[in-house]
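> Can you keep this structure in mind? I'll have questions shortly.
The values are calculated or read from the model by the stated rules, or taken from the named source; none is laboratory data. This structure is a prediction, so every number in the text was calculated from the model and none was measured. Here the Cβ positions follow ideal geometry from the backbone for every residue, glycine too, while neighbour counts run over all protein chains shown.
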Amino acid sequence: MTVRGSPSPWSRCGSGPMRRTRAGVRRPRALGIRTRLQTRLRTMSRSARPAEDVVQETARSAGLVALGAGVAAAAVATAVLGGFVAAVARAVVTPDRKRVERVPIHAVDPGRMTVTIERTADTELQGRYSLWFGGGTGHMRIGEVLGTTDTTVTRRIIAIDAGDPTAARRGRWGGWFYLTPGELDVPVEDVDIPTPNGPAPAWVVRADDPDAPWAVLVHGRGVTRAETIRAVPVFRAAGYSVVLASWRNDGVAPRSDDGRYGLGSTEWEDVDGVLRWLAAQQARSVVLMGWSMGGAVVLQTLVRSRFAGLVDGIVLESPVVDWHAVLKSQSRVLKLPRPVRKIAQRILRTPVLHHVAGLHDPVDLRELDMVARADELSVPILILHSDDDGFVPSSASHELARVRPDIVRLEVQTSARHTKLWNHDADWFDARILAWLTEVVQPTDATSAR
């Protein structure tokens with residue numbers, strides 16, 4: 001294992017912390033317990049009884065009424081808690097339908113090409129980023145930090161790709177930077193990959209060498225294939241043809257029957273479709289790369305796909321290696337009690353109960369724990385992760401590297417945020433991938449596509 005770090009100074013799996021959802025509470029059957037008990041008491045035998053029997057029966061009746069009231073109150077509390085836990089479980093597997101613009105935009109100077117926005121742990125970091133505005137209709141590419149106050153940061157605007165930022169009051173900070181691979185001045189093909197839900201669009205960037213190895217880039221939760229464009233140049237430099245894939249429920253690929261995330265347990269089938277397509281292209285060597293939840297998708301592809309024999313290596317950026325670690329971390333942020341998290345996980349994996357979360361099939365997070373299943377991994381793996389990720393803790397990445405030092409190389413940053421390692425330091429990002437490709441995976445020609 002190699003661990004290196006830059007100097008020290010939570011969208012989604014790319015989507016930020018899970019939101020608490022207000023769940024409707026239906027009147028539970030248990031609320032009728034008190035009424036049924038009282039009716040039963042009233043219809044008890046009215047035959048003449050000794051006085052002491054009447055006193056004893058009255059006492060028993062009062063106790064039963066109190067018991068009924070307690071059970072009813074407990075039933076209400078259980079229903080409320082159950083509704084809340086169900087909402088948490090749904091939030092874990094439900095795609096965001098609207099991207100919220102949360103970052104206040106204080107000033108835009110088109111002449112000087114600067115923008116002043118709220119200072120946060122993400123917006124204050126040096127590097128190149130995206131700033132969406134206007135409900136997603138506007139987009140700016142943002143550069144270096146020019147100045148800060150306690151509450152704001154002023155940054156260079158590299159380009160305004162769409163919209164009028166002077167009218168924007170709020171924006172959404174992101175790591176895409178590029179919107180289409182055509183911006184890299186490379187030849188791009190639009191192809192449809194057959195998947196179980198229908199044709200999934202993909203971009204293909206071919207190397208000059210028709211026999212070049214292939215890289216399949218897999219985006220994370222709550223974003224699209226455009227997230228992966230940042231890695232095209234380094235794979236091109238290493239002599240690879242590249243597929244930028246879409247997968248179910250991402251807004252580009254076809255929707256699944258339930259419209260829910262499988263957290264990797266279903267999405268891998270779409271990457272399997274890419275591998276099948278590549279096999280038809282006579283591909284002989286493939287590297288898979290996944291960001292965030294895309295990392296979980298890639299890992300599941302490796303252990304489930306019948307085309308996994310094509311895969312010679314995996315690159316993971318800010319990956320979900322173990323969902324338990326992610327949910328535990330986010331539960332702390334949201335101050336969710338441990339039992340809520342545990343019951344939500346049980347809902348996801350238990351037949352019948354999984355329907356509460358809207359799932360067609362159960363999702364067992366234990367099957368997605370690739371630290372526990374590390375012995376099933378058999379190809380070289382490069383992990384790029386920041387210890388200051390902010391959403392997906394790097395602990396599982398460190399643990400996977402510890403238990404499989406024979407195949408895992410872990411490269412660590414200490415200040416970059418989730419899925420933004422390239423944005424924070426593109427040279428660092430590219431150098432580590434290129435070195436691993438040339439030293440470990442060893443393509444035939446590391447410069448043929450330049």
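> Could you tell me whether the stretch 255-268 includes any residue that is of a type outside the set (Val, Ile, Thr) and either touching a Cys at 6+ places or on another chain (Cβ under 7 Å) or closer than 16 Å to residue 204 by Cα (or both)?
no
> I've got another one for you. Looking only at the stretch 278-308, count how many residues are among the aromatic types (Phe, Trp, Tyr) and either within 21 Å of the chain's Cα centre (by Cα) or surrounded by 22 or more Cβ atoms within 10 Å (Cβ to Cβ) (or both).
1
> For the stretch 107-134, which positions are on the phi < 0 side of the Ramachandran plot, of a type outside the set (Ser, Thr, Tyr), in a loop (DSSP other than H, G, I, E, B) and surrounded by 17 or more Cβ atoms within 10 Å (Cβ to Cβ)?
Once the filter is applied, which keeps residues that are on the phi < 0 side of the Ramachandran plot, of a type outside the set (Ser, Thr, Tyr), in a loop (DSSP other than H, G, I, E, B) and surrounded by 17 or more Cβ atoms within 10 Å (Cβ to Cβ), the stretch 107-134 yields 119, 122, 125, 128.
> Pairs, please: C-beta under 8 Å, at least 6 apart or cross-chain, first residue modelled with pLDDT of 95 or more and in the stretch 101-121, second among the hydroxyl-bearing types (Ser, Thr, Tyr) and in a loop (DSSP other than H, G, I, E, B)?
Correct list of pairs: 103/120; 103/123; 117/123; 118/151; 119/149; 119/151.
> Another question about this same structure. If only one of 176, 203 is surrounded by 19 or more Cβ atoms within 10 Å (Cβ to Cβ) and under 23 Å from residue 133 (Cβ atoms), which one is it?
Step by step, each of 176, 203 is checked, and only 176 is surrounded by 19 or more Cβ atoms within 10 Å (Cβ to Cβ) and under 23 Å from residue 133 (Cβ atoms).
> Would you be able to say whether some residue in the stretch 304-324 is within 23 Å of residue 291 (Cβ to Cβ) and not assigned by TED's automatic domain parsing to the domain that holds residue 228?
no
> If you don't mind, there's one more thing I want to ask. Specify the residue that is modelled with the lowest pLDDT; the eligible residues are those in the stretch 415-450 that are assigned to a loop (DSSP other than H, G, I, E, B) and within 27 Å of the chain's Cα centre (by Cα).
Taking the candidates together, the pick is 415.
> Now a separate question. Does any residue of the stretch 309-328 turn out to be among the polar types (S, T, N, Q) and crowded, with 22+ Cβ neighbours inside 10 Å?
yes
> May I pose another question? Tell me, please, whether a residue that is modelled with pLDDT under 95, surrounded by 14 or more Cβ atoms within 10 Å (Cβ to Cβ) and farther than 30 Å from residue 170 by Cα can be found in the stretch 39-59.
For the stretch 39-59, residues modelled with pLDDT under 95, surrounded by 14 or more Cβ atoms within 10 Å (Cβ to Cβ) and farther than 30 Å from residue 170 by Cα: present.
> Kindly list the number of the only condition in (1) at pLDDT 95 or above; (2) touching a Leu at 6+ places or on another chain (Cβ under 8 Å) that fails for residue 341.
(1)
> Follow-up question, since we're still on this one. Based on this model, can you work out whether residue 412 counts as more than 21 Å from the chain's Cα centre (by Cα) and surrounded by 18 or more Cβ atoms within 10 Å (Cβ to Cβ)?
Criteria not met by residue 412.
> Let me ask something else about it. Going by what's in this entry, would residue 244 be described as in the same structural domain as residue 383 (by TED's automatic domain parsing), in contact with a Lys or Arg (Cβ under 6 Å, 6 or more places away or on another chain) and either under 24 Å from residue 357 (Cβ atoms) or buried (at least 24 other Cβ atoms within 10 Å of the Cβ) (or both)?
Yes: the conditions hold for residue 244.
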